[in-house]
Structures are given as structure tokens and as C-alpha cells.
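Step one of this worksheet: look at the structure below.
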Amino acid sequence: MKLKNTTTPEKNVAVIEFTIDKETFDAEVTKVFEKKRGDITISGFRKGKAPRQLIEKMYGVGVFYDDALSALVPAAYGEALKESGVNAVSAPEYDIKSIDDEGVTVTAKVFTKPEITLEGYKGLELTRKLAPVTDEELEASLKAELEKNAKVSDVEDRAVKNGDTVIINYRGTLDGVAFEGGTAESQSLKLGSGQFIPGFEEQVEGHNIGESFDIDVTFPEDYGAADLAGKAVVFHIDLLSAKETILPDADDEFAKDVSEFDTIDEYKADLKAKLEKNHEDAAMREVNDKMATALAELVTDEIPEAMFDNEAENLVRDYDARLRSMGMKLDDYLKYTGATLDSLREEMRPRAISQVKTRLALEKVAELEKIDVTDEEVDAEFQKIADSYQMEVAQVKMYILAEDLKKDLCVQKAADFVRDNAVITDAE
């Protein structure tokens with residue numbers, strides 16, 4: 001590969017011209033011929049035995065060029081891009097200018113990262129909403145800790161009640177006919193959880209183990225299955241078993257058992273401190289979001305649409321990954337919601353625009369303020385990532401380039417700089 005020249009015919013656009021030498025191109029064409037000759041049949045020759053000259057005479061001298069170019073051009077472009085120093089933000093648009101005795105000449109048109117101007121990033125006025133910890137919130141946190149240490153026992157000598165976990169068989173019918181999804185065996189259900197439609201769990205309460213009974217419920221008008229929405233149905237229930245959860249007493253002994261504290265008051269004070277820290281973190285995340293929005297609004301320069309398209313595509317991929325982590329495929333999600341990939345990309349686009357502008361702004365801040373990241377900081381971040389994923393640092397480096405990690409750390413430092421220089425006031 002040889003880089004011939006680089007031009008900028010318009011703003012945020014570069015055209016990179018490069019060549020592939022004839023020897024390399026001819027060798028690749030021969031490789032394609034050897035690979036494809038077995039599938040070519042010409043009258044008078046056994047399949048795969050026709051000479052190359054005859055094939056090229058019948059189908060044209062360039063019959064194998066497309067495959068050869070597909071194999072060579074991307075790698076050659078990558079080398080030319082690196083040598084040119086162009087900061088491309090889009091996939092290249094290739095144009096084969098010539099194929100002759102000198103080899104192949106190709107141009108690649110790309111959109112480039114814009115050079116932006118940025119003013120007003122110091123002294124941003126931001127508000128922080130720090131919510132106090134309420135008594136109800138503290139009690140809920142304490143109850144959650146009690147539930148973690150609760151004992152579970154079988155319900156035998158009483159009717160089931162709210163809070164019990166029951167095992168039931170049920171069969172639902174609409175006008176006497178069983179409907180799809182309305183039948184289950186050995187179903188676990190915590191009464192009062194709201195897991196089932198309104199009226200179902202309440203009517204199970206008060207019954208005893210071993211009972212069989214019918215309950216009448218009506219599906220909500222906005223129920224997902226249109227054939228059941230708003231319909232009155234009957235469920236036949238077999239109450240097989242139940243367990244109750246017995247919470248420990250919230251006393252000094254409990255505090256000693258589950259913590260380093262000697263009294264329940266000390267334990268609750270620690271719970272409150274943790275809740276306050278959670279509130280502070282949530283308030284600061286909101287501040288960061290507001291800061292990002294404010295920075296994005298400072299970017300008024302023209303930005304290639306390709307950058308927004310790429311970021312929207314990244315957001316769709318992230319969304320797909322989150323769905324998979326919850327056991328759902330993106331195709332299923334689109335089917336259930338009636339959405340399409342295009343509509344999902346369009347939905348992500350405003351966020352993508354904001355994120356691209358914010359990143360550009362922070363990169364500009366880092367440039368203007370001469371913010372840098374040391375090799376030691378990069379190594380420490382690699383170690384942090386490795387520890388969080390329980391991997392070796394060498395493995396992490398197979399997935400993350402040191403150069404990219406350094407850029408991300410530089411952007412983080414720029415964000416810290418902007419926040420440290422902002423005027424943050426607490427709102428009631």
C-alpha cells in the first residue's frame with residue numbers, strides 16, 4: 001500500500017487516495033481464481049478444469065477483481081488512514097479510480113471528527129436536589145435487613161394470610177372454557193406481592209392448606225392480551241402448601257448478630273448513614289447529568305451526522321446487551337412492543353446527539369486545560385477493571401486498547417474539572 005494524498009473537499013470530510021501495487025493485486029486475483037475455479041463450468045472442459053485465460057475471455061478480464069478488491073482494500077485503507085493522520089468518524093466510501101499496469105488506485109471518502117470551539121464551560125450554574133432520609137425509608141431499610149435474616153416455617157394450623165408464600169395449582173376459565181396462559185401447577189406466590197392480577201391474591205387469603213375453591217376476578221382493561229382485557233373469569237384454586245416468614249426482633253441482640261455494633265440504635269444510625277450516602281450519590285449523578293446537558297448545549301459547531309448515527313447504534317447494542325442479561329432477546333422485545341430497529345434507533349437519537357456533543361465538549365476542555373493522563377494512571381485503571389471482572393490484566397488488554405482507555409480517563413478528568421469549577425447550589 002502507498003498513500004498518494006489526502007484532500008479535504010468540504011468541512012469535516014476527507015478523501016484519502018492510496019494505491020495497491022500490481023504484484024499484490026495480481027497475487028490476490030490468482031488466489032481468488034484458485035478458490036473459485038472448482039465452481040466454474042465451461043463447455044468442453046470438466047468442471048473446474050477450464051483455463052483462467054478462457055474464463056477471463058468469456059466473462060471479462062475483471063471477473064475475479066471484485067473478490068480480490070474486497071480482500072485487499074479494507075486492510076490497505078486501514079494502513080492509509082493511519083499514515084494520513086485523518087480522524088475518521090464514519091465508514092469509508094470507496095471509489096476504485098483505476099486498475100492498470102501500475103496497480104490499483106482507490107479513494108476513500110470519510111467524515112472526520114470536527115474541530116469545535118467551546119466557551120463558558122467554567123462556572124456552570126447547577127442545582128443539586130439532596131433528599132433527606134425519612135423515617136419511613138429508614139424503617140423499610142431495617143425491615144429489609146430483618147427479612148434477610150428471617151426464618152421460614154410451614155403454615156399448618158391456620159388459614160393463609162398476607163405475607164405468606166403459598167404453593168397453588170390454578171386453572172382459569174372464561175365462560176367455562178380454559179384460556180391460554182391461565183393454568184399452572186405448583187405455582188409459588190407470595191400473598192400481597194401484587195404478582196397476580198388485582199383480586200386474585202386477596203381471595204386466596206383466609207383459606208386453609210388442602211382446600212380447593214373458586215375465585216372470581218376481572219382482568220384490567222389495559223391487560224396485555226386483548227382477548228382477556230376487561231373480561232371476568234373464574235379461577236379454580238388448589239391450595240397445596242404455605243410457608244410463613246418470621247422476622248427476628250429488631251433489638252440489640254439482632255444488631256450484635258449481624259454487625260459490629262452492640263446496640264440497635266447504633267445499627268440504625270449506620271443504616272441511616274448509608275442511606276444518606278446513597279442520596280448524596282444520586283444527587284451527584286443528577287448534577288452530572290445536568291452538567292452533561294449544559295456542556296452539550298455549548299457545542300454549536302456543525303457535527304457529521306455519522307457521529308450521531310454511530311452513537312445511536314452503540315446505544316441499541318447496549319440495550320440489546322441489557323435485555324440479554326435479563327433473559328430476553330431484542331427481536332422478542334421488538335415483537336412484543338410493536339417497535340422496529342429503525343424506530344428504536346430513532347428513539348435513541350436524542351440521547352445519542354447529547355452524548356456525542358458532551359464527549360466533544362469534554363475532549364475540548366481537556367485540550368484547553370492541558371489535562372493529561374499518566375501511564376501509571378492507565379495501569380491502575382486496567383488493574384481496577386481486571387479486579388472488578390476477576391480477570392488478569394493481560395486479558396483485559398486484549399479487549400481494551402491502552403490508547404482508548406487513556407482517552408476515556410482524560411475525559412473523566414475533564415468532567416471532574418468542569419464540576420469542580422461549577423457553581424452548585426442545593427435546591428429545596
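The values are calculated or read from the model by the stated rules, or taken from the named source; none is laboratory data. Computed from a predicted model, the values in this text were never measured in an experiment. Backbone-built Cβ (ideal geometry, glycine too); neighbour counts: all protein chains shown.
Of the residues making up segment 363-398, just one is within 30 Å of GLU115 (Cβ to Cβ) and either in contact with a Pro (Cβ under 7 Å, 6 or more places away or on another chain) or among the hydroxyl-bearing types (Ser, Thr, Tyr) (or both), namely THR374.
Tell me, please, whether a residue that is part of a helix (DSSP H, G or I), more than 16 Å from the chain's Cα centre (by Cα) and of a type in the set (D, E, K, R) can be found in segment 317-328.
Taking segment 317-328 first, the residues part of a helix (DSSP H, G or I) are 317-325.
So of that shortlist, the ones also more than 16 Å from the chain's Cα centre (by Cα) come out as none.
No - not one qualifying residue is present in segment 317-328.
In the set (1) touching a Gly at 6+ places or on another chain (Cβ under 8 Å); (2) modelled with pLDDT of 95 or more; (3) not aromatic (Phe, Trp, Tyr), VAL106 fails one condition alone, (1). Can you tell me which residue among LEU271, LEU228, LEU240 is modelled with pLDDT under 95 and surrounded by 14 or more Cβ atoms within 10 Å (Cβ to Cβ)? Only one candidate passes the filter, namely LEU228. Only one of the listed residues (LEU146, LEU126, LEU189) is in contact (Cβ under 8 Å) with a residue 24 or more places away in the chain and part of a helix (DSSP H, G or I). That residue is LEU146. A search for C-beta distances below 7 Å between a residue of segment 44-66 that is in the same structural domain as ILE96 (by TED's automatic domain parsing) and any residue that is of a type in the set (Ser, Thr, Tyr), counting only pairs 6+ apart in sequence or on different chains, returns LYS47/THR41. Within the option set ALA422, ALA394, ALA386, ALA414, being over 16 Å from VAL287 (Cα atoms), surrounded by 13 or more Cβ atoms within 10 Å (Cβ to Cβ) and small (Gly, Ala, Ser) holds for one residue only, ALA386. Filtered by the rule that a residue be among the small types (Gly, Ala, Ser) and either buried (at least 18 other Cβ atoms within 10 Å of the Cβ) or under 48 Å from the mean Cα position of the chain (by Cα) (or both), segment 9-59 gives ALA14, ALA27, GLY38. In segment 31-63, the residue that is modelled with the highest pLDDT out of those that are assigned to a loop (DSSP other than H, G, I, E, B) and among the β-branched types (Val, Ile, Thr) is VAL63.
Checked against the criteria, GLY206 does not count as loosely packed, with under 15 Cβ neighbours inside 10 Å, in contact with a strand residue (DSSP E or B) (Cβ under 8 Å, 6 or more places away or on another chain), assigned by TED's automatic domain parsing to the domain that holds ASP175 and at positive phi. Filtering segment 75-123 to residues that are β-branched (Val, Ile, Thr) and either free of Cβ contacts under 8 Å to residues at least 40 places away in the same chain or outside any loop (DSSP other than H, G, I, E, B) (or both) leaves ILE96, ILE99, VAL104, THR105, VAL106, THR107, VAL110, THR112.
Determine if segment 164-174 includes at least one residue that is in the same structural domain as ALA226 (by TED's automatic domain parsing), over 30 Å from ARG285 (Cα atoms), touching a strand residue (DSSP E or B) at 6+ places or on another chain (Cβ under 7 Å) and exposed (fewer than 15 other Cβ atoms within 10 Å of the Cβ).
No, segment 164-174 contains no residue that is in the same structural domain as ALA226 (by TED's automatic domain parsing), over 30 Å from ARG285 (Cα atoms), touching a strand residue (DSSP E or B) at 6+ places or on another chain (Cβ under 7 Å) and exposed (fewer than 15 other Cβ atoms within 10 Å of the Cβ).
The residue list ALA312, ALA283, ALA292 contains one member that is farther than 21 Å from GLN412 by Cβ and touching a residue at least 24 places away in the same chain (Cβ under 8 Å), which is ALA312.
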